[in-house]
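Values quoted throughout were computed directly from the atomic coordinates according to the rules given, and no laboratory measurement underlies them. Only a predicted model underlies this, so the values are computations on that prediction, with no experimental measurement involved. Using ideal geometry, Cβ is built from the backbone for each residue, glycine included, and neighbour counts are taken over all protein chains shown.
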Amino acid sequence: MMCVICKQDEVRLGKATVVFERAGTTVVIKGVPARICANFGEEYVGELVTGELLQTANAAAVAGVQIEVREYVAA
Ligand SMILES: [Zn+2]
C-alpha cells in the first residue's frame, strides 16, 4: 500500500496505539497491528481491525466506562 500523506510506498508493519473518545468514554488500545509510514510515522490500521476496535469502544461506552487501556487481542 501507499502512504496517502507522502505518496510513497515505504510502509512497514508495526504496532500502533489507537484512541477512541465518545460520550465521555475513552478507550486506548495498544499493540494494534498497523502499517506505519517510514517518513513521518503515519499509521494505517486495516478496516477489519478498525471494526473490531469500534466494537470494543462501543461496548465500553455502553458499559459506562470512563477510561480503559487494553492490549489488542486478535479476534
Ligand atoms: Zn507518509
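A few comments on the model shown:
- Shown here for the chain: chymotrypsin sites (Phe, Trp or Tyr not before Pro) in loop regions (DSSP other than H, G, I, E, B) with at most 11 other Cβ atoms within 10 Å, namely 40.
- Two-decimal ratio, the chain, of alpha-carbon radius of gyration to 2.2 N^0.38 Å: 1.20
- Distant-in-sequence amide H partners of residue 42 (H built 1.01 Å from N, under 5 Å): 37
- Available extension along the chain between residue 65 and residue 21 is 14.7 nm, counting 0.36 nm per residue and deducting the alpha carbon span.
- Angle between the chain longest axis and helix 47-62 axis [Cα atoms, degrees, rounded to 10]: 20
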